[in-house]
């Protein structure tokens with residue numbers, strides 16, 4: 001499975017090393033919650049994460065589109081957002097009301113390039129992208145918005161330009177998509193922790209059970 005491994009900033013020093021692979025997208029609300037739950041493992045483990053960025057709605061234009069166009073009825077969407085809100089609050093996350101989605105391609109390329117800037121900068125950007133989209137309702141398909149987010153995370157402007165200029169990052173996204181097909185991944189987030197595969201929003205206990213089994 002391709003993809004650079006980003007060391008886990010904030011992990012427990014001297015804790016058992018735990019390698020995790022995650023298929024995720026910054027416009028996926030379940031990924032937003034799942035990321036927070038994965039972070040809880042850092043209290044016990046030296047977490048190393050292989051972030052595989054999987055664009056879930058490549059057909060969405062940069063201006064975005066109404067969630068009803070994704071096939072959700074208004075009633076179903078309201079129910080899902082209410083449930084997601086409860087999950088987010090349990091993790092100390094802010095989840096603003098959303099009735100539109102956007103394209104994440106540029107954000108995924110940016111995050112992929114940021115891996116090469118080191119773990120600290122990558123994780124600052126990673127968290128800012130989730131926060132900007134879900135808490136601040138910013139359009140992360142907009143190049144100016146992404147540049148602003150990158151700057152606030154401390155990412156150099158040349159990294160931003162390289163992300164969208166060099167074909168290597170596009171190839172990596174294609175590799176992640178091919179790996180997802182091979183692994184028959186149908187949901188984001190999908191976590192691989194040792195021999196365990198966790199799909200969607202899982203209880204925190206499931207993460208720790210998988211992690212402890214992996215390092216046993």
- Failed condition for residue 180, given (1) within 28 Å of residue 87 (Cα to Cα); (2) part of a loop (DSSP other than H, G, I, E, B), with all others met? (2)
- Message: Between 137, 127, 165, which is closer than 22 Å to residue 65 by Cα and surrounded by fewer than 19 Cβ atoms within 10 Å (Cβ to Cβ)?
- Response: 137
- Message: When the residues of region 135-149 are narrowed to those that are assigned to a helix (DSSP H, G or I), in contact with a helix residue (DSSP H, G or I) (Cβ under 8 Å, 6 or more places away or on another chain) and without any contact (Cβ under 8 Å) to a residue 40 or more places away in the chain, which ends up nearest to residue 106 (Cα to Cα)?
- Response: 143
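Here's the yes/no breakdown for (1) in a loop (DSSP other than H, G, I, E, B); (2) farther than 20 Å from residue 28 by Cα; (3) touching a helix residue (DSSP H, G or I) at 6+ places or on another chain (Cβ under 7 Å):
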site	(1), (2), (3)
129	no, no, yes
133	no, no, no
151	no, yes, no
163	no, yes, yes
186	yes, no, no
192	no, no, no
- Working only within region 116-127, note down all residues that are in a helix (DSSP H, G or I) and more than 20 Å from residue 28 (Cα to Cα). 116, 117, 119, 120, 121
- Task: List the number of the failed condition for residue 31; all other conditions in (1) in a helix (DSSP H, G or I); (2) over 20 Å from residue 106 (Cα atoms); (3) in contact (Cβ under 8 Å) with a residue 24 or more places away in the chain hold.
- Result: (2)
- Could you list, in sequence order, all residues of region 62-96 that are modelled with pLDDT of 85 or more and either on the phi > 0 side of the Ramachandran plot or outside any helix (DSSP H, G or I) (or both)? 91, 92, 93, 94, 95, 96
- Message: If I ask for residues that are farther than 20 Å from residue 119 by Cα and assigned to a helix (DSSP H, G or I), which ones from region 165-175 would you list?
- Response: 165, 167, 170, 171, 174, 175
- Query: Which residue, of 210, 113, is in a helix (DSSP H, G or I), modelled with pLDDT of 95 or more, buried (at least 21 other Cβ atoms within 10 Å of the Cβ) and touching a strand residue (DSSP E or B) at 6+ places or on another chain (Cβ under 9 Å)?
  - Reply: 210
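The values are calculated or read from the model by the stated rules, or taken from the named source; none is laboratory data. On a predicted model such as this, the values are computed, not experimentally measured, just so you know. Here the Cβ is made from the backbone with ideal geometry for all residues, glycine too, and neighbour counts use every protein chain on show.
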